[in-house]
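Below is one structure, written out as structure tokens; comments come after it.
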Amino acid sequence: MAILEVDGLKVYFHTRNGVVKAVDDVSFSVDSGETLAIVGESGSGKSVTCYSLLDLLPKPPAKIEGGTALFNGKDLLTCTADEMRHHRCNDIAVIFQDPMTSLNPFLTIGEQLIEPLIYHPDKSKIETRSRAKEKAVKLLDEVGIIDPHTRFNCYPHEFSGGMRQRVMIAMALITEPKLLICDEPTTALDVTIQAQILELIKKLQETRNVAVIFISHDLGVVAGIADKIIVMCEGTIRETGDTDAVFYHSSNDYTKKLLDAIPEGAKVLPNRVTSNEPLVEVSNLKTFFKNESGKNDDDRYIKAVNNVSLTIPRGEILGLVGESGSGKSTLGRSILQLAPTTQGSVKFEGKTLTGLSSSELFPWRRKMQMIFQDPYASLNPRMTVFETLSEPLLYHKLATKKTIASQIKQLMDDVGLSQGQLKKYPHEFSGGQRQRIAIGRAIATKPEFIIADEPVSALDVTIQAQILDLILDLVERHNLTMMFISHDLSVVRYICDRVVIMQHGVVVEEGDTEMLWANPQQLYTKDLLAAIPLADPISERSRIAEA
Amino acid sequence: MNSIETDKGSSLWKDAWIKLSKNRLALVGLGLLVILIVTSLLTPLIAPYGYEAQNLDMGATAPSLQHWLGTDIFGRDMLTRIMYGGRVSLMVGFIATAVALVIGILWGATAGFFGGRLDAIMMRIVDVLYALPFMIFIILLMVVFGRNILLLFFAIGAVEWLTMARIVRSQVMALRNQEFVEAASSLGLSQWTIIRRHIIPNTLGPVIVYTTLTIPSVMLLEAFLSFLGLGIQPPQSSWGLLINYGVETMEEYPWLLIFPGLALSLTLFALNFLGDGLRDALDPRTSKD
Amino acid sequence: MYRFALGRLAQAIPVLLIVITVTFFLIHSAPGGPFSADKAVPPEVIKALEEQYNLNQPIWQQYLSYLGDVIQGDFGPSFKYSGRNVNELIAAGLPITAELAFYAMLVALSVGIFAGVGAAMRPNTAQDYIPMTGAMIGICMPSFLLGPLLVLVFGIYLDWLPVSGWGDIPGDKILPSITLGTGYAAYIARLSRGGMLEVLSQDYIRTARAKGLREPIIIIKHALRGGLIPVVAFLGPAFAGLLSGSFVVETIFQIPGLGRFYVQAAFNRDYTLILGMTIFLSTLIILFNLLSDMLAIWLNPKLRQEIKGAN
């Protein structure tokens, strides 16, 4: 029985550039107790659709141009402000993506939890502070917050990311809504925490019989929890159907493109030369940072990299995996001598790099380069593509003013960008194109070793696939050795020969990729592998049922 | 060698200019500023009367055809006096701001870029100086060392550099952590090259905005001091001094107060609107279209 | 929290010491000052000064004995007002200036915050443009222009309000307070508008709306705390500015406060008075800066806990 029926929804944004059709004629329905997943890449309109139901869009420039959204028969799009407040308090609740910014840092979480109860627009439902607090504490316990009585008076910054999201879930459920909208609730969380939160949402849904709309860009995440799926692209619905039908029997081109883009299994490069000669040797490396707010002796240093040793033979793609705070990025930077190491050594082609001055280090710089995560921040916004790409070549005297043009031409071809773009600035490109430019800059000096620090994490899944293929292609063609840092295990499996798993600055486990997948030894590795959301509804459902 | 057919890119400066040109108030401010600067430079040539020309018989008269802005009690033409006063006020404004700019940028960039202990020490000094009541010190300096116009520039500039240093430092620190600066480091670029090519061009935005907003602040400070009699001394005059004279006789001859006041206010308006417009134009978040 | 305050207070002492030292040596290096031979001073004053400042002794000893006096709160005799003590003069002028600064700050905060918050609630509408244009005018019209104009209009042409004195005629506190406070009201209006706009675009405001809270609660309980941070940060410099601004306002409106004394002392070259008042005013400003810093920290839960934790 449908609790929400959306018909012909149109939401347009009136910007100075013209009209952007964020949502263009979207229709769907949700039954009570059902989980509907809305999946799409950035710009697909999935979030705008749901925010328009609760009037949470900035009214200029957004405008609801047409359509109806019936919640238990009442149209949400044409109700008065008071009625809307009623809906927000009684019927529909939202869990947002980033719990750090979605909670008020100046108020305790307890205060924020009880607000919907003590300020309830419905006079009969207003609670006193003490009763509201009782309810809130009970709910905090239900969502898994330990010691809820004390934690009630804590501020958001005192919680970890996963805990904060649990608080947000509690805050959404405190008014006992009938529909819960989850806007990418796990995207900002580590993969093990993500699994926990997904299970929590599923459990709460079953105990309270709420309907859930789950927005995500990741098909794998929704595979295990969704009953129905809508695939959106550029404001329109490309496909609707039951989960199994969409995953296993889709006939829609876009859906198939999304499913194909998910990295699956291992990819074997035919022509790669791997040798036994170690290119990079890391021995007992420690990188500690002084802890400004540490109180006792233990806390005096943040041990980002704590006694790590590994070797990378020439021609290998090594994966470095870890969740946030594992130290993987710091390790990468330490190897490249971009972060000051505290103890231990890094050797490149047999030569010890740690402890060298910057002028001594200079000749080695062109042999090792880095690709960064954020395509928006890794390019100087005031330099054209030409200037960005020519800087490494000219500075290292690998080209003269006369030869530079043809070398740049070659680079642009290598990374798949058209020549006509050379005089443009970074902000005129899309995320994927910017990453190509960044990759071009990294390979310009024909390095032997490249560290890629989460190079595709900030990109849409279809673009991600293209960039991964580009990276594999370049590694093969230029015979590169690579360290691929990522938190995304599926991507790592697709690209890497060997994998190193890090946690809290220490290496937990390492080994050949497929062997690690088949037979993980350490508990942390097993947890990590188990938490990966697969684009396979049947196995995901059984995994969640076991949990 | 065949040239590559390329699309013309639109740099951030060009985008900023487009945004600015759509802001009417800012353009008015810019236009006014240009007029003021040109007038001040050409004053000795275009002023209708001599600076010293007195006409004691006439005394103070209301605006008329011969004296567009009236005359003061010594029969001196107000338009001329305001023009000459403007020269001084603008000069103090620009020079003192330049002093503040140079010291502030060097200090802030050094602290921001090198960080660590150097930064801690340098910013501690800034914090201490910030807490000192500078108005009082300037007055003290003026009293002790006489009202030397050079000292005035220096004293005012010495007050304003602090905020400039803070702004530059925070901008540089934010940039230092950006990935494109790391990329430059990983290429082995020397620190000086990084500062020159990557940091400074990206710092210019806030610096320009703040400079445009410092000039009116400085001019206000000078006018304040001159009004109290502690700044510019006769025979030179500045708008602050003219306002002072105007207040003394404002009941009988209100135009002696109103016109210099208007001149000062309009200039401050122009600079502030321009500064605001520049701030909006250079903000990457607002779109240009 | 108290230990933190004491710590900051201790840090302020070297600053104060620098102020006293620099001021002392500046005054002593002034050409034609009382500490060189000056004829136009009555003999009793010279005698009092010589006793007070031990003018026959080397300058370092003079400095140290002055320092000793200051620490005990004695600023010595006035140079120009024979027979009167700097301390007396400060005590006479302080309550008046304090009251003026208080009213001006009241005007500035109430008008400024009201206008700024209002503008932020309806950006790019009349509710925004009108107060903000007014704010721009307030910033571009200095107090020494506004004051005389107000006097002209309200005091002379309309004859509604008195234009001099403080506390003598009812209503004579209105014009000076408005004159002094307007510039700051304008600045505070802009600051609060900026701060509120920044906060209102934050995610947690969207969360508050999604919970069904009413607009007034969202503004007052959720937005104001973060939005007024720039205003709190401005309180310290604002206080210093109000003190300096009082110089002009007291001159224009003939108010016998500290500001007017200071300006007259500057003209009269009453060095001891300048010395004493500079130190006194600096102390006040440093104290107030300290208070406003602590207020800013107290308002931010994260900083508040870091301070508590560090103790």
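Structure values in brief
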| quantity | calculated |
| --- | --- |
| Relative exposure of C:ILE90, A:ILE181, C:ILE274, judged by other C-beta atoms within 10 Å (fewest first) | C:ILE90, C:ILE274, A:ILE181 |
| Normalised contact order of segment A:104-176, rounded percent, pairs of Cα under 8 Å and 6 or more residues apart | 43 percent |
| Residue order, fewest to most beta carbons within 10 Å, for C:TYR184, C:TYR157 | C:TYR157, C:TYR184 |
| Reduced Cα scattering model of segment A:104-176, Debye log10 I(q)/I(0), q = 0.17, 0.23 Å⁻¹ | -0.55, -0.98 |
| Histogram of C-alpha separations across chain B, 10 Å bin width, % | 6, 22, 27, 22, 13, 7, 3, 0, 0 |
| Relative contact order [Cα under 8 Å, 6+ residues apart], segment C:152-271, whole percent | 26 percent |
| Counting DSSP beta bridges with both ends in the protein assembly as shown, the antiparallel % (nearest 5) | 60 percent |
| Extreme residue, positive dipole direction of chain C, given options C:THR125, C:LEU290, C:ALA91 (C-beta unit charges) | C:THR125 |
| FRET efficiency, A:SER32 to C:THR125 (Cβ-Cβ, R0 41 Å, nearest 0.05) | 0.50 |
| Sites A:ASN307 and B:ILE208, calculated FRET efficiency, Cβ-Cβ separation with R0 30 Å, nearest 0.05 | 0.05 |
| Cα Rg, Dmax, segment A:1-52, angstrom units | 12.7, 42 |
| Selected from B:VAL28, B:VAL38, B:VAL207 as most flexible by GNM, with chain B as the system and alpha-carbon contacts under 10 Å | B:VAL38 |
| MRE, 222 nm, helices only [DSSP H, n ≥ 4, -39500 (n - 2.57), over the protein assembly as shown, to nearest 500] | -17500 deg cm²/dmol |
| Principal-axis tilt of helix B:134-145 within chain B, Cα atoms, nearest 10 degrees | 60 degrees |
| Cβ neighbours within 10 Å from other chains - mean over A:380-390 | 4 |
| Axial C-alpha extent at least 20 Å, average Kyte-Doolittle at least -1.0 - helices from chain A (DSSP) | A:191-208, A:461-478 |
| Separation in nanometres of the label points that stand 7 Å from Cα toward Cβ, at A:SER251 and A:GLU546 | 3.6 nm |
| Gained length - C:ILE156 relative to C:ARG214, 0.36 nm times residue gap less alpha-carbon distance | 16.0 nm |
| Hits among lysines - C-alpha to C-alpha of A:LYS401 under 30 Å, sequence gap 8 or more where chains match | A:LYS367, A:LYS409, A:LYS423, A:LYS424, A:LYS446, B:LYS8, B:LYS14 |
| Estimated inter-spin distance, B:MET58 and B:GLU251, nm [label 7 Å along Cα→Cβ] | 2.6 nm |
| Relative contact order of chain C, defined on C-alpha pairs under 8 angstrom at six or more residues apart (%) | 24 percent |
| Anchor A:LYS135: aspartates and glutamates whose Cα lies under 19 Å away (excluding residues fewer than 8 positions away in-chain) | A:ASP91, A:GLU111, A:GLU115, A:ASP122, A:GLU127, A:ASP147, A:GLU176 |
| Two-site label geometry, A:GLN407 and A:LYS74: point separation in nm, points 7 Å out along Cα→Cβ | 6.9 nm |
| Theoretical FRET efficiency, 1/(1+(r/R0)^6), r = Cβ-Cβ of A:HIS504 and C:VAL22, R0 41 Å, to 0.05 | 0.20 |
| C:TYR262, A:TYR12 arranged by Cβ crowding within 10 Å, fewest neighbours leading | A:TYR12, C:TYR262 |
| Which listed pairs, of A:LYS178/A:LYS228; A:LYS46/A:LYS257; A:LYS286/A:LYS347; A:LYS21/A:LYS59; A:LYS123/A:LYS203, have C-alpha distances above 21 Å, in listed order | A:LYS123/A:LYS203 |
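Read the figures in this text as sums done on the coordinates, not as results from a lab. None of the values given here were measured: they were computed from a predicted structure. Here the Cβ is made from the backbone with ideal geometry for all residues, glycine too, and neighbour counts use every protein chain on show.
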